[in-house]
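Student: Please read through the structure below; I'll follow up with questions.
The values are calculated or read from the model by the stated rules, or taken from the named source; none is laboratory data. This one's a predicted model, so the numbers in the text were calculated from it and none came from an experiment. Every residue, glycine as well, gets a Cβ built from its backbone with ideal geometry; the counts of neighbours run over all protein chains shown.
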Amino acid sequence: MAYLFDPDVVHECALACLGKPRPVMFDAFAEAMEGKYPDRLDLDQPWIFSNAGGAMIQMKLYYASIVEYIMIWGTPIGSEGHSGRHAVGFWDTVIDGEMWYYGEGQFDKRVYRPADRVYVGPNQARAMNFTDGVWAVEYARGPLPLSVPFGLADELVSTLDFATAVQTLSIYASLVGRHWSQPHADGSAPSAVRRTLGTLLGTVGPAVTRLVRPPEPNDEIPSDTSPGS
């Protein structure tokens with residue numbers, strides 16, 4: 001199978017983030033990737049929560065197909081959990097903060113800091129701790145639909161955050177639709193059927209995302225508007 005992205009190139013682009021404040025670092029990554037892979041990323045998808053394996057983060061997906069995705073993920077307050085055991089390989093580059101990993105039979109934590117790379121291969125798993133917060137670029141390669149149940153399970157049966165679960169699926173559908181509407185990795189044009197399906201997903205996905213998108217966070221304490229106040 002011809003993959004579009006080279007994990008070493010994605011890592012190189014992630015290094016453009018180092019030393020920059022948030023959210024400037026995210027824009028720096030997007031600009032670097034655009035230089036290497038013109039018109040392949042979708043920069044307009046929203047940040048959404050992700051609860052999986054007990055860890056809570058937020059993520060912004062830039063690209064997704066059936067076999068690859070690219071995103072930035074992180075948390076400013078820390079979290080911990082189980083990476084999941086997938087049929088997919090994951091390459092992560094830390095761009096800010098710090099994370100700790102360990103696997104079965106490892107008795108000392110692996111500490112990863114900005115510019116460090118982490119790889120968790122197919123059928124492997126890690127315990128994860130993000131200490132006081134971390135931000136990372138992630139590239140995944142493999143049969144991604146097989147990982148969808150792990151990505152949604154906590155939201156469906158634990159946090160009951162159905163808005164996030166639906167957004168996860170609708171954004172993924174939007175990005176797959178974009179991918180199917182574009183040329184193949186070898187530059188050949190997509191088939192008419194593929195292009196039609198891509199257009200359909202690219203229309204329905206964003207519409208669903210807009211429909212279920214929750215209000216923007218508002219930390220303002222409301223005044224008491226109850227009768228008689």
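Student: Please go through region 200-221 and pick out each residue that is touching a helix residue (DSSP H, G or I) at 6+ places or on another chain (Cβ under 6 Å) and outside any loop (DSSP other than H, G, I, E, B).
Tutor: Leu201, Gly202, Gly205, Pro206, Val208, Thr209, Val212, listed by residue number.
Student: Residues in region 56-66: is at least one within 27 Å of Lys109 (Cα to Cα) and in contact with an Asp or Glu (Cβ under 9 Å, 6 or more places away or on another chain)?
Tutor: Filtering region 56-66 for residues within 27 Å of Lys109 (Cα to Cα) gives 56-59.
Going one step further and asking which of them are in contact with an Asp or Glu (Cβ under 9 Å, 6 or more places away or on another chain), we end up with 56, 59.
Yes, that holds for at least one residue.
Student: Among Thr168, Thr159, Thr131, which is the only one that is modelled with pLDDT under 95, surrounded by 13 or more Cβ atoms within 10 Å (Cβ to Cβ) and among the β-branched types (Val, Ile, Thr)? Break it down stepwise before answering.
Tutor: Details: Thr168 fails: modelled with pLDDT under 95; Thr159 fails: modelled with pLDDT under 95.
Only one candidate qualifies: Thr131.
Student: So, in region 80-118, how many residues would count as being surrounded by 15 or more Cβ atoms within 10 Å (Cβ to Cβ), among the aromatic types (Phe, Trp, Tyr) and over 17 Å from the mean Cα position of the chain (by Cα)?
Tutor: Summing the residues that are surrounded by 15 or more Cβ atoms within 10 Å (Cβ to Cβ), among the aromatic types (Phe, Trp, Tyr) and over 17 Å from the mean Cα position of the chain (by Cα) in region 80-118 gives 3.
Student: Across region 32-50, what is the total count of residues that are among the small types (Gly, Ala, Ser) and surrounded by fewer than 13 Cβ atoms within 10 Å (Cβ to Cβ)? Steps first, please.
Tutor: The first filter runs over region 32-50 and keeps only residues among the small types (Gly, Ala, Ser), leaving 32, 35, 50.
Now narrow it down to the ones that are surrounded by fewer than 13 Cβ atoms within 10 Å (Cβ to Cβ): 35.
So the count comes out to 1.
Student: Restricting the first residue to region 66-95 and requiring it to be more than 23 Å from Tyr37 (Cα to Cα), which pairs with a second residue that is of a type in the set (Phe, Trp, Tyr) and in a strand (DSSP E or B) meet a Cβ separation below 9 Å and a spacing of at least six or different chains?
Tutor: Gly74/Trp135; Thr75/Trp135; Pro76/Trp135; Glu80/Trp100; Ser83/Phe90; Ser83/Tyr101
Student: Oh, and also: With over 15 Å from Tyr69 (Cβ atoms) and either of a type in the set (Lys, Arg) or in contact (Cβ under 8 Å) with a residue 40 or more places away in the chain (or both) as the only criterion, which of Asp39, Asp8 stands out? Write out each step before concluding.
Tutor: Details: Asp8 fails: either of a type in the set (Lys, Arg) or in contact (Cβ under 8 Å) with a residue 40 or more places away in the chain (or both).
Criteria check complete, one pass: Asp39.
Student: Here is a further query. Residues that are touching a helix residue (DSSP H, G or I) at 6+ places or on another chain (Cβ under 7 Å) and within 15 Å of Met128 (Cα to Cα): list the strands (runs of 3 or more DSSP E) wholly contained in region 1-114 that include at least 1 such residues.
Tutor: Values: elements: 48-52, 55-64, 68-75, 80-82, 89-97, 99-102, 110-112.
Qualifying strands (runs of 3 or more DSSP E): 48-52, 89-97.
Student: Can you tell me which residues in region 20-31 are under 14 Å from Pro114 (Cα atoms), without any contact (Cβ under 8 Å) to a residue 40 or more places away in the chain and surrounded by 13 or more Cβ atoms within 10 Å (Cβ to Cβ)?
Tutor: The one that is under 14 Å from Pro114 (Cα atoms), without any contact (Cβ under 8 Å) to a residue 40 or more places away in the chain and surrounded by 13 or more Cβ atoms within 10 Å (Cβ to Cβ): Lys20.
Student: Kindly provide the set of residues from region 171-206 that are surrounded by 11 or more Cβ atoms within 10 Å (Cβ to Cβ) and small (Gly, Ala, Ser), ordered by number.
Tutor: Within region 171-206, Ala173, Ser174, Gly177, Ser181, Ala185, Ser191, Gly198, Gly202, Gly205 qualify.
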